[in-house]
1. Within segment 126-164, which residues have the backbone N less than 16 Å from the label spot 7 Å out from residue 221 along Cα→beta-carbon, could you tell me?
2. Sort segment 35-91 into rounded, prolate or oblate with this rule: let a ≥ b ≥ c be the square roots of the eigenvalues of the Cα gyration tensor; rounded if a/c is under 1.5, and if a/c is not under 1.5, prolate when a/b is larger than b/c, oblate otherwise.
3. Please give the contour-minus-distance gain from residue 472 to residue 332: 0.36 nm per residue of separation, less the Cα-Cα distance, rounded to one decimal in nm.
4. How far is it, in nm, from the label point at residue 345 to the one at residue 397 when both lie 7 Å from their Cα along the line to the Cβ?
5. Just to verify a number: FRET efficiency for residue 187 and residue 504, C-beta to C-beta distance, R0 = 56 Å, to 0.05?
6. For segment 1-48, just the Cα atoms, rotate onto the principal axes and tell me the three extents in Å, largest first.
7. What does the convex hull of the Cα atoms come to per residue for segment 1-130, in Å³?
8. Using just the helices of the chain, give the 222 nm mean residue ellipticity in deg cm²/dmol: DSSP H runs with n ≥ 4 each add -39,500 (n - 2.57), and the total is spread over all residues, rounded to 500.
Ligand SMILES: CCCCCCCCCCCCCCCCCCCCCCCCCCCC(=O)SCCNC(=O)CCNC(=O)[C@H](O)C(C)(C)COP(=O)(O)OP(=O)(O)OC[C@H]1O[C@@H](n2cnc3c(N)ncnc32)[C@H](O)[C@@H]1OP(=O)(O)O
Ligand SMILES: NC(=O)C1=CN([C@@H]2O[C@H](COP(=O)(O)OP(=O)(O)OC[C@H]3O[C@@H](n4cnc5c(N)ncnc54)[C@H](OP(=O)(O)O)[C@@H]3O)[C@@H](O)[C@H]2O)C=CC1
């Protein structure tokens, strides 16, 4: 019997961010391995015109929960949605719901955050710092709370090269910043943001670092642990390989590559792709929850969940495996054949962006206009290039994260728990993982049927023929231009034609002789 799974049995668990990528996988794992848990409270907000119930039932009916529903038939009775909005006072939770949470909650997993890189500081502060503060205050009033697990990111201190499993103080006190932001207008906040974020690339990583400081400063007597995952990718093994449901991290660019939009990407050849599968992160999280509740460490322990130091994979290796997979299982309706390469300097990046991204987009938009359709390709390419510019910081750098606490925890798991809650990234086969990642994006994110692969391959062959035809016509036009203006070009042309003629004559003669 798994000690960790047994620990969660009978427990009342509060998950914020349960409708997110990681929150859903966390819920699924809990319901599948500890079906005797008492209840999972999930904070949910209405979104895209859907009520709480509609969102929750749509979420629970996705493929991710199929296995959990087999093991836990009364799964819907285990889930207790609670209206919440992190931007509201008291997280927007009603008095009745709050009373229930304060009375019954044993464990908190705080996943909710804004993970956008371009959020204004005020919004990121609200979601990643102030909401965390309010949840900590709520937790301090909970009568049966055993442990509070906070999700940060391995990039919260990405302005450092070597990062230990410790909390690094930011230059500005969170409370002072929160008070200042209350009365500063947006234009001033926008102006001071670059100075505040201390060489970090965005407000996301900065406010996650501030969130850690708030967790430390307002921990009171709470029993807290912090998880710092790096780039969370599709599932590796559980509940099945390749589960992914958003465009964050590499996902958007993998789609861009598979659809033939992305033809070049600036990447330092030796830069490590520090990707970790979502199920591996969740296994570590549940192990941390158990260990923290049972052993009650004297201080807040930080757990890095990264792959670069234990089982490194380079962006170049990952990228070409992505292309190889889409060769075998192409995405539907590709704009071009997936074909790309790396650039290593700004000039070649600019050149290739012009030649292989913007020029084809402008020509395609011209074709759309000619055929009476709305041009859209240039806009799509600009959006992809904007995304790449946001991700460039993470693609072209590597970091060293210590993993002492994570390795300590691994050593404390029983053999059964090491299997059931496997977070040993050294077991990961990157080629197999990347292939499943791409297939998962095709099946679960783009909802494409694998039966459509032959048609998708035919589409790519048609694109290849159009590409060859286009290049041939372009070559002839350029050559005709040169021949009309240069004796040298004409001489070369005549020489080539006479050579071909002689070869054909010889070939015809030799085949006649054989007969
Ligand atoms: C291996 C690489 C080399 C390749 C070699 C050469 C080429 C070979 C090809 C191989 C394929 C490449 C494969 C791998 C790619 C490698 C690069 C990946 C780097 C990953 C680094 C991630 C770092 C993460 C750091 C920390 C992780 C965390 O802690 S939290 C999670 C991280 N957060 C995010 O990832 C969020 C980032 N996204 C944003 O902040 C925003 O989306 C944006 C600012 C980037 C864009 O905002 P914008 O307002 O313009 O768009 P948005 O409103 O978000 O969406 C509008 C529409 O666009 C769609 N969309 C959204 N995101 C993407 C996306 N990433 N790609 C494509 N499309 C996207 C969205 O659905 C919207 O559509 P509509 O609703 O229809 O309008
Ligand atoms: N994905 C990654 O690569 C990494 C993620 N992390 C951390 O893990 C955690 C989860 O990330 P991930 O699952 O990828 O993020 P998602 O964006 O998938 O999920 C974010 C969650 O937060 C909720 N949320 C956002 N804003 C609000 C709001 N105003 N009110 C209520 N809920 C809100 C979302 O709810 P809704 O569905 O209603 O929008 C969603 O459930 C985050 O703390 C993130 O920093 C750390 C490292 C890497």
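1. Backbone N within reach: 137-148.
2. Details: a/c = 3.17, a/b = 1.63, b/c = 1.94.
Oblate is the answer for segment 35-91, as a/c is 1.5 or above yet b/c matches or exceeds a/b.
3. Length difference between fully extended and current span is 47.8 nm.
4. Between residue 345 and residue 397, the simple spin-label model gives 2.3 nm.
5. 0.15
6. Largest to smallest, the principal-axis extents are 42, 17, 12 Å.
7. So the per-residue Cα hull volume is 121 Å³.
8. -16000 deg cm²/dmol
No value in this document is a laboratory result; all are computed from the given coordinates. Everything quoted here is computed from the prediction, not taken from an experiment. In this analysis, Cβ positions are derived from the backbone assuming ideal geometry, glycine residues included, and neighbour counts consider all displayed protein chains.
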